1. Work out, in µm²/s and without decimals, the Stokes-Einstein translational diffusion coefficient of region 184-305 at 4 °C, 1.567 mPa s, Rh from Kirkwood over C-alpha pairs.
2. With θ taken as phi - 60° and the coefficients 6.51, -1.76 and 1.60, list the Karplus ³J(HN,Hα) couplings across region 196-212 in order, rounded to whole Hz; mark glycine and proline as x.
3. Work out from phi, with θ = phi - 60° and the Karplus expression 6.51 cos²θ - 1.76 cosθ + 1.60, the ³J(HN,Hα) of each residue of region 78-86, listed in order in whole Hz, and give x for Gly and Pro.
4. A163: net charge of surrounding residues, Cβ under 9 Å, Lys/Arg +1, Asp/Glu -1, itself excluded?
5. With +1 assigned to the C-beta of every Lys and Arg and -1 to the C-beta of every Asp and Glu, and no other charges, what is the dipole magnitude of the chain about the Cα centre in debye, to the nearest 20?
6. Can you find, among L59, T301, A17, the residue farthest towards the positive end of the dipole of the chain? Put +1 on the C-beta of Lys and Arg, -1 on that of Asp and Glu.
7. Calculate how large, on average over all directions, the projected area of the Cα convex hull of region 127-232 is; give the answer in nm² to one decimal.
8. Quick check for you: with a 1.4 Å probe and neighbouring chains kept, what is the accessible area per residue of region 69-178, in Å²?
Amino acid sequence: MYDTIIIGAGPAGMTAALYAARSNLKVALLERGIYGGQMNNTAEIENYPGYDHISGPELAEKMFAPLDNFGVEHLFGQVVRVETDGPVKRVVTEDETLEAHTVVLAMGAKHRLLGVPGEDTYNSRGVSYCAVCDGAFFRGQDLLVVGGGDSAVEEALFLTQFANTVTIVHRRDELRAQKVIQERAFANEKIRFIWDSVVEEIKGDDIKVQEVLIKNVKTGQVTAHAFGGVFIYVGLDPMTDAVADLGITDEQGWVVTDEQMATSQAGIFAIGDIRQKQLRQITTAVGDGAIAGQQVYHYLTEHLN
Ligand code: FAD
Ligand code: NAP
């Protein structure tokens with residue numbers, strides 16, 4: 001029986017583990033992949049206080065390193081269900097069932113699909129969701145980036161080091177990305193924009209992407225453009241399948257919490273990108289994690305003594 005099981009070892013989960021373990025609790029940090037979460041797909045982080053810039057994997061390593069000093073137990077597994085039976089919480093993975101007094105949900109979010117013809121067919125054959133992972137395969141090519149948020153514009157900038165040109169197609173005529181990122185993109189001579197437009201279809205030959213059909217949403221006109229690769233950044237969906245039965249999510253699936261990271265289920269907390277919140281960043285994930293790590297301690301003090 002753990003005092004707490006933290007599901008997901010992104011920045012939120014790692015911080016919660018640190019705070020809970022420093023309160024001398026028996027802590028398990030359960031992850032299905034490698035620790036670091038979405039930070040592993042981020043080449044340069046420039047807005048984490050204390051660093052001018054640092055790569056995502058390097059920051060992940062720095063967050064992970066101290067956990068062993070405080071006895072955090074690292075478990076590997078894909079959580080399929082979380083159950084609550086009064087004071088006992090059960091975390092069901094594909095291989096085993098674990099028990100704890102509290103559970104912290106830190107499963108984050110995953111990239112959203114565009115849902116157009118050709119996206120699935122050419123996935124990994126020109127269609128990508130990770131510039132850091134795949135960008136170097138597209139040297140000298142003309143690339144399309146879909147979306148207007150921080151991810152799309154920042155990753156378009158990253159791709160300019162490999163690509164001949166990078167075109168951003170956005171469904172409106174104004175970007176959602178932070179101004180500082182926008183300004184860099186507007187100043188980059190390799191970056192072009194197609195405004196008020198959406199991707200209709202991704203086409204190619206037997207091997208890879210060759211062409212993208214793009215529709216102007218104001219005029220309805222569809223035009224064909226030659227691209228060697230399409231990078232899709234149209235937002236995130238919460239990783240909440242495992243807690244869908246708990247009644248703790250909003251209509252879009254984000255977990256609703258109070259300011260102490262408590263959900264409507266006693267003893268179940270949620271932190272980071274998985275939460276219903278305004279700003280999904282490493283800094284806010286870390287802040288949530290610190291609060292939850294501390295709240296787990298208070299919950300146990302109140303309920304177990
Ligand atoms: P995540 O980082 O998503 O981690 C969740 C973890 O949970 C993952 O490791 C996952 O494998 C695990 N998990 C999920 N489901 C299960 C399950 N069922 N069982 C077991 N484990 C599970 N933010 C910034 O502040 N600065 C930036 O420069 C920046 N750049 C970004 C660039 C890109 C391309 C992207 C996609 C995001 C970027 N962000 C940036 C956002 C930032 O990465 C996220 O806000 C942050 O990682 C959220 O942390 P988290 O711990 O909540 O979740
Ligand atoms: P996001 O902020 O939700 O932006 C998604 C973008 O895709 C929006 O511009 C949206 O258009 C567009 N879009 C959504 N659905 C679409 C569709 N079906 N077709 C075409 N376009 C579509 O997502 P994100 O950029 O992935 O960022 C996710 C979170 O991570 C954010 O909180 C962000 O701040 C954070 N992040 C931070 C950094 C950083 O701090 N440097 C870097 C990356 C990500 P509209 O604008 O019209 O809605």
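The values are calculated or read from the model by the stated rules, or taken from the named source; none is laboratory data. Here the structure is a predicted model, which is why all the values come from computation and not from measurement. So basically every Cβ, Gly included, is an ideal-geometry build from the backbone, and we count neighbours across all protein chains shown. For the accessible areas, the whole protein counts, side chains as well, though only heavy atoms, and no ligand, DNA or RNA atoms are used. Shrake-Rupley method; radii C 1.70, N 1.55, O 1.52, S 1.80 Å.
1. Working: Rh = 18.5 Å.
Translational D for this selection: 70 µm²/s.
2. Coupling constants for region 196-212: 6, 9, 10, 6, 9, 7, 10, 10, x, 9, 5, 9, 7, 4, 10, 8, 10 Hz.
3. 9, 6, 9, 7, 10, 10, 10, 10, x
4. Values: positive: R139, K190; negative: D142.
So the surrounding residues net to +1.
5. Charge dipole, the chain, about its Cα centre: 540 debye, nearest 20.
6. Final value for the positive-end residue is L59.
7. Values: hull surface 24.5 nm².
Projected over every direction and averaged, the Cα hull of region 127-232 covers 6.1 nm².
8. Details: 5170 Å² over 110 residues.
Heavy-atom SASA per residue in region 69-178 reads 47 Å².
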